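To start, the structure under review is shown below, and the notes come after it.
The values are calculated or read from the model by the stated rules, or taken from the named source; none is laboratory data. The model shown is predicted, which means the values in this text are computed figures rather than measured ones. FYI the Cβ positions are ideal-geometry reconstructions off the backbone, even for glycines, and counts take in every protein chain you see. The protein model used for the area step is the full one, side chains on, heavy atoms only, and it has no ligands, DNA or RNA in it. Shrake-Rupley method; radii C 1.70, N 1.55, O 1.52, S 1.80 Å.
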Amino acid sequence: RTFLKDAGVSTLEALIITHYDKDHVGGAAKIAAEFRPAQIFLPDYKGSSKYCSEFMKSISENGLSAKTVSEDLRFSLGSAELRIFASGISYKDDKDGEGNDNDCSLVTALSFREDSYLFAGDLEKDGIESFLSLHKGEGPFDVLKLPHHGNKKAGLKDLLAEVKPEIALITDSADDPAADSVLEILGESSVKNVYRSSKNGSVVICSSGIKDFNVSLY
């Protein structure tokens, strides 16, 4: 919320909830109430946490529109194009009440003229395999937000081979840093620049549309 306010944002054209883990839906209730997104996109399964319940209540109380993404979507945002890829995996709970929701993450692609970005949610091995199977040929993408905070290496080499990014973003933290094995894979890849939340803070990339990316760190 603070970042959006500081950037002068008062309303949102879209809010995408990739999946219902706390670090992806926690706080979304307040964002929905304050910035009143014109469109809200949800993963195709029911979340059961209190954070998810608070978010759904906020949507209802504020009269907002939400759509469950069960098939791929494509629409324009000004001169940019946004694609939301539905998960090809059915949600399952295990006996401990923990499901495969990471692999059910929505994946988002943004393109502006020649520039392209892929945001891979929290996909793990099965989710990556499903995405690559269903969407082979969608790449390459200039910028990749790595799945699962850079903590999982399974399937990563295949994802990098398909996406062929020049810039990789990792949303890790000092308490939960990217895995050394993931960093090693990135080091052996063609990725030119790697930015990590734990090392670089907030990363803002301004897109020129001509593959001249302006990266700012806060």
Hits in the range 55-70 - residues which are open to solvent by 70 Å² or more (accessible area, probe 1.4 Å) and more than 23 Å from Asp103 (Cα to Cα): Lys57, Ser60, Glu61, Ser65
Helices (runs of 4 or more DSSP H) completely within the range 117-218 that count 2 or more residues being open to solvent by less than 30 Å² (accessible area, probe 1.4 Å) and in contact (Cβ under 8 Å) with a residue 12 or more places away in the chain: 125-134, 156-163, 180-187
Count of residues meeting criterion [under 19 Å from Tyr91 (Cβ atoms), in a helix (DSSP H, G or I) and acidic (Asp, Glu)] in the range 1-50: 1
Lone qualifier among Ser111, Ser79 - being modelled with pLDDT of 95 or more and of a type in the set (Gly, Ala, Ser): Ser111
Every residue from the range 1-31 that is over 13 Å from the mean Cα position of the chain (by Cα) and of a type in the set (Phe, Trp, Tyr): Phe3
Test: residue in the range 99-109 that is farther than 17 Å from Asp23 by Cβ, assigned to a strand (DSSP E or B) and hydroxyl-bearing (Ser, Thr, Tyr): no
Val25 vs. criteria buried (at least 20 other Cβ atoms within 10 Å of the Cβ) and hydrophobic (A, V, I, L, M, F, W, C): yes
Extreme residue, modelled with the lowest pLDDT, among residues of the range 127-164 that are more than 15 Å from Ser105 (Cβ to Cβ) and of a type in the set (Asp, Glu): Glu138
